[in-house]
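Encoded as structure tokens, the structure appears first; notes follow it.
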Amino acid sequence: MPKAGVPGDGIFLVGKDIQAGTYRSEGKNKYGCYWARLRDTTGEDSAIIANGNAQGPAIVKVAAGDRAFQTSDCKPWKKIA
């Protein structure tokens, strides 16, 4: 069963590791909160659907059609919708 939150840094498969939906983070831990919605997990730039660097609070809608969600150095992401 996918989690209703994002458990930390890494790449998480939508539908396996995390649920599709809208997530909120309070922002960066230390340097800057990076996030990306991914169409695949190849690591290529073409895999990025959308991404950002948040200093403060961030909201991201992870779609059911996204393959994965990547995050690093963010405070915990909590599912809000």
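FYI, it's all coordinate maths here, none of it is from the lab. Predicted, not measured: the structure shown is a model, and the values here were computed from it. In this analysis, Cβ positions are derived from the backbone assuming ideal geometry, glycine residues included, and neighbour counts consider all displayed protein chains.
Tell me yes or no: at least one residue of segment 47-59 is hydrophobic (A, V, I, L, M, F, W, C), crowded, with 16+ Cβ neighbours inside 10 Å, closer than 13 Å to V14 by Cβ and within 11 Å of the chain's Cα centre (by Cα). No - not one qualifying residue is present in segment 47-59.
Against the definition (among the β-branched types (V, I, T) and in contact with a Leu (Cβ under 9 Å, 6 or more places away or on another chain)), how does I80 come out, yes or no? Let's see the steps before the verdict.
Values: among the β-branched types (V, I, T): yes; in contact with a Leu (Cβ under 9 Å, 6 or more places away or on another chain): no.
Judged against the criteria, I80 is not a match.
Go through the residues of segment 21-38 one by one and say whether even a single one is within 13 Å of V62 (Cα to Cα), of a type outside the set (A, V, I, L, M) and over 11 Å from the mean Cα position of the chain (by Cα). Within segment 21-38, none of the residues are within 13 Å of V62 (Cα to Cα), of a type outside the set (A, V, I, L, M) and over 11 Å from the mean Cα position of the chain (by Cα).
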